[in-house]
Amino acid sequence: MIEKINRLKEEVECATAATPEAVEELRIKYLSKKGALNALMADFRNVPAESKREVGQKLNELKTFVTEKINGLKEQLSAGSDLEAASIDLTRTATPFPTGSRHPLSIVKNDIIDIFSRMGFTIAEGPEIEDDWHVFSSLNFPPDHPARDMQDTFFVTRTPVDVLLRTHTSSVQTRVMEKTQPPIRIVCPGRVYRNEAISARAHCFFHQVEGLYIDRNVSFADLKQVLLTFAKEMFGPETKIRLRPSFFPFTEPSAEMDISCDICGGKGCAFCKGTGWVEILGCGMVDPNVLRSCGIDPEVYTGYAFGMGIERITNLKYKVKDLRMFSENDVRFLEEFESAR
Ligand code: DAH
């Protein structure tokens, strides 16, 4: 009897199964009512009384062994099929991963930078918290200029010197000219702040790109050509520009530039108030006082500067009517612009 038990144990130990059906066959062969184990159990009756204890124990052990073996084979097979399924693509995400889209102001800022970098301009940046010197005094603002007024400027502290949130990116001109001798050819993108009531047409912060070119023999004609090239690149080759005389403390002469209305093509519409033109930037020849205050000799060097609002250009390109849309982070609005460019 003991020998039979041992033989059956060896047999089961060597058993293998490649499919669930084969495992089931093994189960039937050994564990079912008519299986090998029950046949042994039936023989148990004939075991002499003195061996019953030993044989009974062996039989029980065998039953546990066979049950575990068959369960083990089952598990192996199901683990194998899991692996096979997973090997299709282990890195695939279960649901599509939303990638977001670029902010319209970033798209336009990058477009502006791209156009000017193709014309040899590099990028310069400066701090948003500035002092009076870089935002106003160095740029030829007289002490009583209204732009310094509390109504326009956010002050951080007023003693011992005025520290404020920059109201324009022209402050970066000064920072670069103080450190670098010409030739200088830079564009300065950045955020600016003004103490304005928030409405569809005004916000307490917005974005500008400043441009500056200082070298020997830089003329107003150079400025005009660069700005014309910019307008055509930004708004299309049919775009026309118009320069109107204007005033800024840091440029002389100064001008404001209009482009032919993108919407009506210059015929006149509600957007351009029937004029066919829309203003997009301020510009001029850098005032000799500004060069001098930054340590550049105005007898040797001349230069031009320009500054534009990124929101303004974005409004023209994408027809965004309300400035507040840019800072509300409404994903339905943001999703309208192309993703990563
Ligand atoms: N800083 C001006 C503003 O914020 C824009 C500007 C005008 C910049 C003329 C310039 C310039 O460099 O020459 O409105």
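The values are calculated or read from the model by the stated rules, or taken from the named source; none is laboratory data. Since we're looking at a predicted model, the values are computed, not measured. Here Cβ is always computed from backbone atoms with ideal geometry, including for glycine, and neighbour counts include all displayed protein chains. Heavy atoms of the whole protein, side chains included, go into the accessibility calculation; ligands, DNA and RNA do not. Shrake-Rupley method; radii C 1.70, N 1.55, O 1.52, S 1.80 Å.
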In a shell of Cβ-Cβ distance under 15 Å around residue 328, excluding residue 328 itself, what net charge do Lys and Arg (+1) and Asp and Glu (-1) give?
-> -2
Would you mind telling me the share, in percent, of accessible area of segment 104-340 contributed by carbon and sulfur at probe 1.4 angstrom?
-> 52 percent
Per 10 Å bin from zero, what fraction in whole % of the C-alpha pairs of segment 173-238 is there, up to the bin with the longest pair?
-> 16, 33, 33, 17, 1
Distance histogram for segment 2-86 (every C-alpha pair counted, 10 angstrom bins, percent rounded to whole numbers) = 16, 45, 24, 11, 4, 1
Contour minus Cα-Cα distance for residue 38 and residue 322 (0.36 nm per residue) | 93.7 nm
Residue 218 long-range amide H proximity, modeled H, under 5 Å | 302
Packing-based order for 184-193, 247-256, using average beta carbon neighbours within 10 Å, highest first | 184-193, 247-256
For the residue 16, residue 49 Cβ pair and Förster radius 45 Å, calculated FRET efficiency rounded to 0.05 is 0.70
Helix-derived mean residue ellipticity, 222 nm - over the chain, DSSP H n ≥ 4, -39500 (n - 2.57), to 500 = -12000 deg cm²/dmol
Neighbourhood net charge (15 Å Cβ-Cβ; Lys/Arg +1, Asp/Glu -1) for residue 47 = +1
Segment 71-144 versus segment 201-225: alpha-carbon centroid distance in Å = 28 Å
May I ask you to derive the relative contact order of segment 2-86, considering only C-alpha pairs under 8 Å and at least 6 residues apart, and to give it as an integer percent?
-> 40 percent
Probe 1.4 Å, all chains present, heavy atoms only: residue 137 accessible area in Å², nearest 10, is 50 Å²
Dipole magnitude of segment 104-340 about its Cα centre (Cβ charges: Lys, Arg +1; Asp, Glu -1), debye to nearest 20 | 540 debye
So if we plug the beta-carbon distance of residue 156 and residue 111 into 1/(1 + (r/R0)^6) with R0 = 45 Å, what FRET efficiency do we get, rounded to 0.05?
-> 0.90
By accessible area with a 1.4 Å probe, ligands and nucleic acids excluded, highest first: order of 133, 277 = 133, 277
Label model pair residue 275, residue 329: point-to-point distance (7 angstrom along the Cα→beta-carbon line) in nm is 3.7 nm
Taking a probe of 1.4 Å, how large is the accessible area per residue of segment 1-97, in Å²?
-> 76 Å²
With R₀ set to 51 angstrom, the calculated FRET efficiency between the beta-carbons of residue 198 and residue 97, to the nearest 0.05, is 0.90
Could you tell me the accessible area of residue 168 in Å² (1.4 Å probe, neighbours in place), rounded to the nearest ten?
-> 20 Å²
Which whole DSSP H helices in the chain pass both tests: a Cα extent of 30 Å or more along the axis and a mean Kyte-Doolittle value no lower than 0.0?
-> none
For segment 103-184, run through the trypsin sites (Lys or Arg not before Pro) and keep only the ones in DSSP coil with at most 15 other Cβ atoms within 10 Å of their Cβ.
-> 158
Provide Rg over Rh for the chain; use the alpha carbon set for both Rg and the Kirkwood Rh (inverse mean inverse pair distance).
-> 1.54
Segment 182-341, relative contact order in percent, only Cα pairs under 8 angstrom and at least six apart counted = 25 percent
How high is the relative contact order of the chain, given as a whole-number percent (alpha carbon pairs under 8 Å, six or more residues apart)?
-> 16 percent
Formal net charge of residues neighbouring residue 61 (Cβ-Cβ distance under 12 Å; K, R +1; D, E -1) = +1
